[in-house]
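Remarks on the structure that follows.
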């Protein structure tokens with residue numbers, strides 16, 4: 001099972017995981033949130049992420065989700081990229097996190113990350129477009 005680390009500004013990651021576990025009805029293994037305070041020294045933040053990686057470590061790799069591309073959580077998380085072992089996906093949302101948790105036992109890292117990026121893009125909808133009959137707007 002792929003380990004999942006959610007690295008976000010403030011408590012967003014904790015809230016996403018709390019909501020996910022409420023929906024799924026149970027606590028999830030190898031899933032952890034790291035809150036980033038941009039006022040903290042980057043070296044200390046890097047250590048915090050490194051500790052999180054150690055806690056969710058898995059033979060099937062580690063997937064790090066961050067809240068937005070170019071933000072401090074993403075920029076620090078990118079330093080841990082290791083092809084085939086640690087991957088980073090920016091733009092985490094509840095649907096993509098749910099999909100990751102439910103699919104991580106069934107797929108290798110490359111297949112999982114590819115499918116999650118596509119799924120994440122498809123999980124965003126414009127309500128008025130749906131109501132007008134278009135698939136996604």
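Inclusion of residue 65 among residues that are part of a strand (DSSP E or B), under 15 Å from the mean Cα position of the chain (by Cα) and modelled with pLDDT of 95 or more is warranted. Taking residue 23 as the residue in question, decide whether it is in contact with a strand residue (DSSP E or B) (Cβ under 6 Å, 6 or more places away or on another chain) and either touching a residue at least 40 places away in the same chain (Cβ under 8 Å) or part of a helix (DSSP H, G or I) (or both). Judged against the criteria, residue 23 is not a match.
Among the residues of region 30-47, write down those that are in contact with a helix residue (DSSP H, G or I) (Cβ under 9 Å, 6 or more places away or on another chain) and either in a helix (DSSP H, G or I) or under 18 Å from residue 105 (Cα atoms) (or both).
Within region 30-47, the first condition is being in contact with a helix residue (DSSP H, G or I) (Cβ under 9 Å, 6 or more places away or on another chain), and the residues that meet it are 30-38, 40, 42, 45-46.
Answer for region 30-47, where residues must be in contact with a helix residue (DSSP H, G or I) (Cβ under 9 Å, 6 or more places away or on another chain) and either in a helix (DSSP H, G or I) or under 18 Å from residue 105 (Cα atoms) (or both): 30, 31, 32, 42, 45, 46.
Only one of the numbered conditions (1) outside any helix (DSSP H, G or I); (2) touching a helix residue (DSSP H, G or I) at 6+ places or on another chain (Cβ under 8 Å); (3) on the phi < 0 side of the Ramachandran plot is not met by residue 84, and that is (3).
Within region 94-105, can you find the residues that are at pLDDT below 95 and more than 15 Å from residue 30 (Cα to Cα)?
Residues satisfying the conditions do not exist here.
The values are calculated or read from the model by the stated rules, or taken from the named source; none is laboratory data. Since the model is a prediction, treat every value here as computed from it, not as a measurement. Heads up, the Cβs are rebuilt from the backbone with ideal geometry, glycines too, and the neighbour counts pull from every protein chain shown.
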